[in-house]
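What follows is a single structure, written as structure tokens, with notes after it.
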Amino acid sequence: MLPEQIIYIGILINVVLSLWYIKSIIWGNTKPNLVSWSIWMLAPFAGFFLQIKAGAGISASGVFLAGFFPLLTVIVCLFRKNSYWKINSFDVLCGCLSIFTLVVYILTNNVGFSIIFAILSDALAFIPTFVKSWKFPETENSSTYIGGLTNNFLSLMILKNWTFSIYSFPLYLVLANIVEVSFVYRKKFLKSKS
């Protein structure tokens with residue numbers, strides 16, 4: 001187990017790499033899927049609101065930041081012409097299912113079930129980006145996903161209490177970000193082998 005203060009390094013890495021991702025959008029190198037990013041913005045803000053309602057103070061700031069950078073991503077995409085991926089009916093279906101599970105997450109009083117629905121909502125939001133990155137990896141930048149992977153891995157390394165409701169979401173995010181990074185680099189790796 002690592003000391004808790006190491007999380008600040010993870011947060012710093014995540015912030016820097018998220019800003020790098022946004023810079024890549026501005027320069028026209030990255031075209032995010034707005035369905036994924038809009039839901040990645042909504043879910044943490046819903047969690048932040050629930051935490052504040054429950055009496056959380058500064059400890060809720062991490063959840064707020066998890067929604068803030070997707071918000072910045074969406075804003076940059078909306079103000080920069082041709083900076084986002086064309087949304088299709090499959091993306092909309094995933095988005096609708098994700099929002100439905102997000103609502104269930106908010107309304108569920110059982111912490112274990114609530115975490116499962118939060119993970120399901122995020123995973124459904126990830127699917128359009130996974131599909132896009134698999135087919136067109138050149139439209140993605142791995143920086144923000146590497147930042148999320150690093151931050152959540154460090155979160156797992158400082159855990160003292162390994163209960164499902166505490167470790168499940170960071171573990172899911174580590175795995176999801178590994179998948180996304182591997183999709184982004186898949187074609188580069190295959191080209192280097194030939």
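What follows is calculated from the coordinates using simple rules that are stated; it is not laboratory data. Only a predicted model underlies this, so the values are computations on that prediction, with no experimental measurement involved. Every residue, glycine as well, gets a Cβ built from its backbone with ideal geometry; the counts of neighbours run over all protein chains shown.
Could you pull out every one of the aspartates and glutamates with an alpha carbon less than 18 Å from that of Lys31, ignoring same-chain neighbours closer than 8 positions? The qualifying aspartates and glutamates are Asp91, Glu138, Glu140, Glu180. Estimated from the Cβ-Cβ distance and a Förster radius of 25 angstrom, the FRET efficiency linking Phe100 and Phe49 is about 0.85.
Plugging the Kirkwood radius over Cα pairs into Stokes-Einstein for the chain, at a temperature of 20 °C and a viscosity of 1.002 mPa s, what D comes out in µm²/s?
Numbers: Rh = 17.2 Å.
Translational diffusion coefficient: 124 µm²/s.
The peptide list 125-138, 96-109, put in order of mean Cβ contacts within 10 Å with the highest first, becomes 125-138, 96-109.
Measuring between alpha carbons in the structure, the pairs from Lys23/Lys53; Lys81/Lys187; Lys135/Lys160; Lys53/Lys160; Lys81/Lys135 lying more than 32 angstrom apart are Lys23/Lys53; Lys135/Lys160. Between Thr163 and Gln5, the simple label model (points 7 Å from Cα in the Cβ direction) yields a spacing of 2.8 nm.
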